[in-house]
Amino acid sequence: MEVEARIVRLELAETFVIARDATDFADVVQVAITHENATGYGEAAPVDRYDESPKSAKRFVEEHGSLLGDDPFALEDVGERLATIPGEQAAKAALDAALHDLQGKLLGLPAARLLGLPRSGPPTSWTIWLGDPADMARRAETAARSYRRLKLKLGGADGLDVERVRAVRSVTDLPLQVDVNEAWTFDEAVDALGQLDDLGVAYCEQPLRAGDEKGRELRDRSTVPIFVDEDCHVLADVARCAEIAHGVNIKLAKSGGIREAIRVVHAARALRLGVMVGCMLESGLGIAAACCVAPLCDYVDLDGNLLLREDPCPGVDLVDGVQVPATAPGLGVAVAFE
């Protein structure tokens, strides 16, 4: 199989602001795998938080593409070979997605059909970036016309996080979830969560720094369900997550691909954890791969392509708040790979 990789810059429609970062663009790595006159595509969305970058992801694909072998259907063997090399989960996810896309094209079937799953899952949430309470409320009021759930980014250093949620709640009755991106201390989390319960917050994502020793105590004290993101990457993490949280956020860029993500889902279910699937800032190509996991989840946060000024890889449509991939073979996404 022939493997190629390129870095693509995605321009955002507005500045992305969370507790630890702000940016106007995202660089992703798109991968092409060609076999028997068919080409499958995948996308890596590496982030600094996990010591990965577009350059390192592209280098990984170029240096280790030979590990794919010559059989695009040998996903278990490929996964085992890639797992022997530490790190670069986003790059591995791109290769995994490209193989799923390639399989579907070779067989003439959508990737979801090959996995035995429906095309779509629950409605996606729409992310309201961190800002002052009034601004977040204005953006939430506008988003409520098109989306069925809202995700609020919190973790501001000004101590106004509860006010942010209260301001948004004053303009919409939609289900709300909040994402703190590791920004709260234990005491801040206890105080805020005690107030968020009265505001009808469905769950709070990653309130404490990953690995915080007080995670279990916070889980036990909180009346708002806690989901972990930065604490949960692969199957081996799930058992510990069950000790500190009520649910996990699965992302292909962390798990290393669709197959490992599905394993994480099943392990989480066995431990009675809630499950959500999330994304990085990605084009429709990355979102289409994540949509393969969405039918197995309680919550979906796959709005990465919707945040772009222009999606270079169309093929996922928002239908009544649900991200629905096209019915074309593979991931169903149009990619111009030059």
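The values are calculated or read from the model by the stated rules, or taken from the named source; none is laboratory data. Note that this is a predicted model, so its numbers are computed, not measured. As a convention, Cβ positions derive from the backbone with ideal geometry for all residues, glycine included, and neighbour counts pool all protein chains shown.
Within segment 213-221, does at least one residue satisfy the condition of being within 21 Å of V17 (Cβ to Cβ), hydrophobic (A, V, I, L, M, F, W, C) and assigned to a helix (DSSP H, G or I)? Scanning segment 213-221 turns up no residue that is within 21 Å of V17 (Cβ to Cβ), hydrophobic (A, V, I, L, M, F, W, C) and assigned to a helix (DSSP H, G or I).
Among the residues of segment 275-320, those identified as of a type in the set (D, E) and in a loop (DSSP other than H, G, I, E, B) are E282, D298, D301, D303, E310, D311, D320. Residues of segment 321-338 that are under 23 Å from R145 (Cα atoms) and outside any loop (DSSP other than H, G, I, E, B): V322, Q323, V324, P325.
Applying the condition of being assigned to a helix (DSSP H, G or I) and among the charged types (D, E, K, R) to segment 253-274 and asking which residue is surrounded by the fewest Cβ atoms within 10 Å (Cβ to Cβ) yields R269. Inspection of segment 188-200 finds a residue satisfying the criterion of being touching a Pro at 6+ places or on another chain (Cβ under 9 Å), surrounded by fewer than 24 Cβ atoms within 10 Å (Cβ to Cβ), among the charged types (D, E, K, R) and not assigned by TED's automatic domain parsing to the domain that holds F16. Scanning segment 77-92 for residues that are touching a residue at least 12 places away in the same chain (Cβ under 8 Å) and in a helix (DSSP H, G or I) gives V78, G79, R81, L82, A83, Q89, A90, A91, K92. In segment 7-28, the residues that are in contact (Cβ under 8 Å) with a residue 60 or more places away in the chain and closer than 24 Å to E230 by Cβ form Cβ pairs under 6 Å with partners that are acidic (D, E) and surrounded by 13 or more Cβ atoms within 10 Å (Cβ to Cβ), at six or more places apart or across chains, as follows: V28/E43. Can you pull out every residue in segment 89-104 that is surrounded by fewer than 24 Cβ atoms within 10 Å (Cβ to Cβ) and not polar (S, T, N, Q)? Hit for segment 89-104 is G104, nothing else. For residues that are more than 18 Å from F227 (Cβ to Cβ) and of a type in the set (F, W, Y), scanning just segment 121-150, find the one that is surrounded by the most Cβ atoms within 10 Å (Cβ to Cβ). Checked segment 121-150; the qualifying residue surrounded by the most Cβ atoms within 10 Å (Cβ to Cβ) is Y147. Only one of the numbered conditions (1) over 17 Å from T34 (Cβ atoms); (2) in contact (Cβ under 8 Å) with a residue 12 or more places away in the chain is not met by G69, and that is (1).
The set of residues from segment 18-64 being under 23 Å from A111 (Cβ atoms) and either of a type in the set (S, T, N, Q) or in contact with a Lys or Arg (Cβ under 7 Å, 6 or more places away or on another chain) (or both) comprises V29, Q30, T34, N37, A38, T39, G40. Name every residue in segment 131-179 that is more than 17 Å from P207 (Cβ to Cβ) and under 20 Å from the mean Cα position of the chain (by Cα), in order of residue number. Scanning segment 131-179 gives A143, Y147, R148, R149, L150, P175.
For (1) buried (at least 16 other Cβ atoms within 10 Å of the Cβ); (2) over 17 Å from A19 (Cβ atoms); (3) free of Cβ contacts under 8 Å to residues at least 12 places away in the same chain, each residue gets a yes or a no:
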residue	(1), (2), (3)
L152	yes, no, no
L160	no, no, no
R164	yes, no, no
P175	yes, yes, no
Q206	yes, no, no
T223	no, yes, no
C232	yes, yes, no
V238	yes, yes, no
